[in-house]
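I have placed the structure first, in the form of structure tokens, so that the comments after it can refer back to it.
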């Protein structure tokens, strides 16, 4: 059975390692914070200038001077630090952030990503996405496998304007967990009960299936 | 009569304007701080990371964490700020420092300056001098008119390795006050009792004397 | 050497039609509310505004858009603003979208006297169109230039009479960077104290970068996304 | 994720013959005294040291020079050090002198993921030899590269268990810049506190840049030029 968005987040959270500095994008990536494994300490970076992002505040404790990159009210944790936007993107560019989780509209088999612009629609801007994808050493995309029209979002080439090239390392969709290799999307795990045939049918880019593909353990 | 080093400093101090941010080099330039005119507030920058340098501490109040670029113990003043060396040279490069006073071994008639290296002698390094001369919009050189051998330090071309090119705006020596123009050293003022002939005799570079040259009023 | 101004109206004097202005803030967090209100009242137009966002319809830079004061907006993200969209689609407004880190670093470059920087952000995308690409150690970078703005308008938490500024929490964001980048920098602060009251080790923006400072009033500090949790 | 080490000896482990090390401090102000002592005891050699100065004969990096641990020194000023001069004149030591602002900015560039910067410092001088010159807005600049160092060793005033650092007075100098620039960054602090005790608004170096931290002991903090005034 295909994963729901919470299960996608949970699977990604399994890849977190103790001590990781992590930047979580808006949407499903944000949910990853709810599934950090026991015994694993990760520090969340918010690119508007915070390391050590805590949970949402209790009602009444909202601080308008304390928001995340999605403009939501948040809190700090012991050991947090604030800094300006240049240092924030400085640490991103310098590869100090261990893992970045992003949503995407399309990913190509070479790891190109499109997630900021749809021709013909009002363009809101790339925000920090282009900086993140150009710099992060470890990018996991969390997204639905197909778009609302049922078309595959894992493509030979992106059709939408790119956000970054050859940068995505892994993808988790409701159907499967992939790694990007030089040759295409390497299928690593299936969602419980999802068949390889279904994944093949819904993956337009080059899919690599080697040996037995285990089901995810969530 | 030729100026002494205190009078050179005093003459330079007359050029300070209220609100100036000023960087004073080691030697005679440091003395300028002692002659800031009444009613004029200047803020001294020390390129190791301080704005608002105060006087030397009282005996017993020395703070080893608080030194100037000459490694002397100093104090702060109300409104001081500390910052790192990148920001310090950042504000210098960005032209935020209104006046820089430096010593020199030689100055050319185009405003080139040599003050860091003598071939054949142990080279100690340029420190922050190359950054300062390359960036400051307003550089006054404070120096003796001649070297210990009696040779002019105001030259057609510097003979020593350069610290910077076409950057010096004014020079105050024990004999006179000069401005650098496209055509050479423009004599603006004489030290009290010093003749134009003496200045001419001791200036190897092109000297421009136009009209009557007043004596300095110290 | 007096940097202290009595209010926003006095502090924004000299901003003219056609000026290029850097405006601090991220979303509605840390924006110079007083100066924006004063500019709206002043009614200057044909402005080029550089800010991470363009406010919302009825707050922040959105107030300037309502009055059609902005000719060109340079930002990284301009969602949440119907009037912005309307002016853009009608061709009444130019917009240049640039990556957020590039925006931040181009401000810092101006404040640090660095004429240009190299960043990998945007390589292989339309952001790279017409830009110089250079490879360092096997990786491509775009050459991006320092901003050259007439004014920077920032909001700080505390400031002193010499222009030293301290920011609070994530309201820091672009503010210290833009403060460094303006030819004339105007800072509004929640609390203005005499020189000497701020710890010199805690100052984020040294006063050398700030030309005008005043105590702002009646901060609304509107929250864009009020998110709370229920459990204890 | 434990960044806390028990002492300098533990913290400098992994520094090997031939390593490139950034060392914080300006003169003897803000230098990592404990780590230098531990390195001297460790006796590694063929080091490339990048630091604004080279210490004095019997303190700071001078102690490493005495033991002939340094193959190459990259600095802006190396006066006040007779042993340095002897080794240099004897050809036992390489030295590369670079302008102080260039030194600082090449550290920052490394910490900010900027592969290179443009600076006017050194244009028209021997520092420009072999370097690319580029004109922006009528002014020439040299292209200078970000440092690529194995280790950065810095000294802070206060630090916490997550590696956050606060510096004091002019002992800040190069320390936060070098902290950002090391592949492995080692910080010694006068006071080490649990996470949460430092105000997040006052942190100069966020812990993400710091890999090892320990509480230093017995700081000498030698003063190079003790200057005092007499009058009240």
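Filter the stretch B:17-40 down to the residues that are surrounded by 19 or more Cβ atoms within 10 Å (Cβ to Cβ) and more than 12 Å from the chain's Cα centre (by Cα) and list them by number.
B:21
Go through the stretch C:210-232 and report how many residues are touching a residue at least 40 places away in the same chain (Cβ under 8 Å), crowded, with 16+ Cβ neighbours inside 10 Å and within 13 Å of chain A (Cβ to nearest Cβ).
Adding up the residues that qualify gives 3.
Quick one: residue A:91 ticks every box in (1) within 22 Å of residue C:106 (Cα to Cα); (2) in a loop (DSSP other than H, G, I, E, B) except a single one, so which number is it?
Among (1) within 22 Å of residue C:106 (Cα to Cα); (2) in a loop (DSSP other than H, G, I, E, B), residue A:91 violates only (2).
Based on this model, can you work out whether residue B:192 counts as loosely packed, with under 14 Cβ neighbours inside 10 Å and part of a loop (DSSP other than H, G, I, E, B)?
yes
When only residues in the stretch A:65-78 that are touching a helix residue (DSSP H, G or I) at 6+ places or on another chain (Cβ under 9 Å) and more than 7 Å from every other protein chain (Cβ to nearest Cβ) count, which is surrounded by the most Cβ atoms within 10 Å (Cβ to Cβ)?
Ranking the qualifying residues of the stretch A:65-78, first place goes to A:69.
Could you list, in sequence order, all residues of the stretch B:183-199 that are without any contact (Cβ under 8 Å) to a residue 40 or more places away in the chain and over 20 Å from residue B:168 (Cβ atoms)?
Answer for the stretch B:183-199, where residues must be without any contact (Cβ under 8 Å) to a residue 40 or more places away in the chain and over 20 Å from residue B:168 (Cβ atoms): B:195, B:196, B:197, B:198.
May I ask you to say which residue of A:98, A:84 is within 14 Å of chain D (Cβ to nearest Cβ), buried (at least 22 other Cβ atoms within 10 Å of the Cβ) and closer than 25 Å to residue D:182 by Cα?
Values: A:98 fails: buried (at least 22 other Cβ atoms within 10 Å of the Cβ).
A:84 is the lone residue from the list that is within 14 Å of chain D (Cβ to nearest Cβ), buried (at least 22 other Cβ atoms within 10 Å of the Cβ) and closer than 25 Å to residue D:182 by Cα.
For the structure I just gave you, tell me whether residue D:80 is touching a strand residue (DSSP E or B) at 6+ places or on another chain (Cβ under 6 Å) and either within 14 Å of chain B (Cβ to nearest Cβ) or on the phi > 0 side of the Ramachandran plot (or both).
Judged against the criteria, residue D:80 is a match.
Which condition number does residue A:92 fail, the rest of (1) more than 9 Å from every other protein chain (Cβ to nearest Cβ); (2) buried (at least 23 other Cβ atoms within 10 Å of the Cβ); (3) out of contact with any strand residue (DSSP E or B) (no Cβ under 6 Å at 6 or more places or on another chain) being met?
Condition not satisfied by residue A:92: (1).
Please find, among D:53, D:17, the residue that is within 26 Å of residue D:156 (Cβ to Cβ) and more than 14 Å from chain A (Cβ to nearest Cβ). It would help to see each step written out before you state the result.
Numbers: D:17 fails: within 26 Å of residue D:156 (Cβ to Cβ).
Being within 26 Å of residue D:156 (Cβ to Cβ) and more than 14 Å from chain A (Cβ to nearest Cβ) holds for just one of D:53, D:17, which is D:53.
Residue check, residue D:69 against (1) within 12 Å of another protein chain (Cβ to nearest Cβ); (2) over 14 Å from the mean Cα position of the chain (by Cα); (3) modelled with pLDDT of 95 or more, all met but one. Which one?
Answer for residue D:69: the failing condition is (1).
If you check residue C:99 against the conditions, is it touching a strand residue (DSSP E or B) at 6+ places or on another chain (Cβ under 9 Å) and either within 19 Å of residue C:24 (Cβ to Cβ) or surrounded by 24 or more Cβ atoms within 10 Å (Cβ to Cβ) (or both)?
yes
Can you pull out the strands (runs of 3 or more DSSP E) entirely within the stretch D:1-113 that have at least 3 residues that are in contact (Cβ under 8 Å) with a residue 24 or more places away in the chain and closer than 25 Å to residue D:224 by Cβ?
The qualifying strands (runs of 3 or more DSSP E) are D:20-23, D:47-50, D:70-75.
Quick check on the stretch D:133-145. Is at least one of its residues more than 9 Å from every other protein chain (Cβ to nearest Cβ) and at positive phi?
Yes, because at least one residue in the stretch D:133-145 is more than 9 Å from every other protein chain (Cβ to nearest Cβ) and at positive phi.
Looking at (1) within 10 Å of chain B (Cβ to nearest Cβ); (2) under 21 Å from residue B:84 (Cβ atoms), which is the one condition that is false for residue C:197?
Result: residue C:197 passes all but (2).
Here's the yes/no breakdown for (1) under 13 Å from the mean Cα position of the chain (by Cα); (2) crowded, with 24+ Cβ neighbours inside 10 Å; (3) over 16 Å from residue D:33 (Cα atoms); (4) at pLDDT below 95:
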| position | (1), (2), (3), (4) |
| --- | --- |
| D:165 | no, yes, yes, no |
| D:172 | yes, yes, no, no |
| D:190 | no, no, no, no |
| D:205 | no, yes, yes, no |
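Say we look at the stretch A:94-116 and pick out the residues that are without any contact (Cβ under 8 Å) to a residue 60 or more places away in the chain, part of a loop (DSSP other than H, G, I, E, B) and touching a helix residue (DSSP H, G or I) at 6+ places or on another chain (Cβ under 8 Å); which of these is nearest to residue A:16 (Cα to Cα)?
Step one: list which residues in the stretch A:94-116 are without any contact (Cβ under 8 Å) to a residue 60 or more places away in the chain, which gives A:94-95, A:105-106, A:112-116.
If we keep only those that are part of a loop (DSSP other than H, G, I, E, B) as well, we get A:94-95, A:105, A:112, A:115-116.
Now narrow it down to the ones that are touching a helix residue (DSSP H, G or I) at 6+ places or on another chain (Cβ under 8 Å): A:94-95, A:115-116.
On the way: A:94: 20, A:95: 16, A:115: 23, A:116: 26 Å.
My answer is A:95.
Just name the residue that is farthest from the other protein chains (Cβ to nearest Cβ) out of those in the stretch B:159-175 that are closer than 25 Å to residue B:191 by Cα and assigned to a strand (DSSP E or B).
B:172
Across the stretch B:117-129, what is the total count of residues that are assigned to a loop (DSSP other than H, G, I, E, B) and within 10 Å of chain D (Cβ to nearest Cβ)?
8
What tally of residues in the stretch A:15-26 results from selecting those that are within 12 Å of another protein chain (Cβ to nearest Cβ), modelled with pLDDT of 95 or more and in a loop (DSSP other than H, G, I, E, B)?
Final tally of qualifying residues: 5.
Could you check, for the stretch B:142-149, whether at least one of its residues is in contact with a strand residue (DSSP E or B) (Cβ under 6 Å, 6 or more places away or on another chain) and part of a loop (DSSP other than H, G, I, E, B)?
No, the stretch B:142-149 has no match at all.
If a residue must be within 14 Å of chain C (Cβ to nearest Cβ) and buried (at least 19 other Cβ atoms within 10 Å of the Cβ), how many such residues does the stretch B:52-64 contain?
Summing the residues that are within 14 Å of chain C (Cβ to nearest Cβ) and buried (at least 19 other Cβ atoms within 10 Å of the Cβ) in the stretch B:52-64 gives 2.
Take the residues in the stretch B:130-158 that are out of contact with any helix residue (DSSP H, G or I) (no Cβ under 7 Å at 6 or more places or on another chain), over 17 Å from residue B:29 (Cβ atoms) and away from every other protein chain (no Cβ under 14 Å); name whichever of them is surrounded by the most Cβ atoms within 10 Å (Cβ to Cβ).
If we take residues in the stretch B:130-158 being out of contact with any helix residue (DSSP H, G or I) (no Cβ under 7 Å at 6 or more places or on another chain), over 17 Å from residue B:29 (Cβ atoms) and away from every other protein chain (no Cβ under 14 Å), then B:154 is surrounded by the most Cβ atoms within 10 Å (Cβ to Cβ).
Filter the stretch A:27-51 down to residues that are in contact (Cβ under 8 Å) with a residue 12 or more places away in the chain, part of a loop (DSSP other than H, G, I, E, B) and more than 13 Å from chain C (Cβ to nearest Cβ), then give me how many there are.
7
Residue under question is residue C:162, and the condition is that it be within 26 Å of residue C:4 (Cβ to Cβ) and within 14 Å of chain B (Cβ to nearest Cβ); does it hold?
Details: within 26 Å of residue C:4 (Cβ to Cβ): yes; within 14 Å of chain B (Cβ to nearest Cβ): yes.
So residue C:162 fits the description; yes.
Which of (1) touching a strand residue (DSSP E or B) at 6+ places or on another chain (Cβ under 9 Å); (2) modelled with pLDDT of 95 or more; (3) more than 14 Å from chain A (Cβ to nearest Cβ); (4) crowded, with 24+ Cβ neighbours inside 10 Å does residue D:107 not meet, given it meets every other one?
Looking at each condition in turn, residue D:107 falls short on (3).
Of the residues D:158, D:134, which is touching a strand residue (DSSP E or B) at 6+ places or on another chain (Cβ under 6 Å) and closer than 30 Å to residue B:76 by Cα?
Values: D:134 fails: closer than 30 Å to residue B:76 by Cα.
After applying the criteria, what remains is D:158.
The values are calculated or read from the model by the stated rules, or taken from the named source; none is laboratory data. Since we're looking at a predicted model, the values are computed, not measured. No Cβ is skipped: glycine too gets one built from the backbone with ideal geometry, and neighbour counts run over all protein chains shown.
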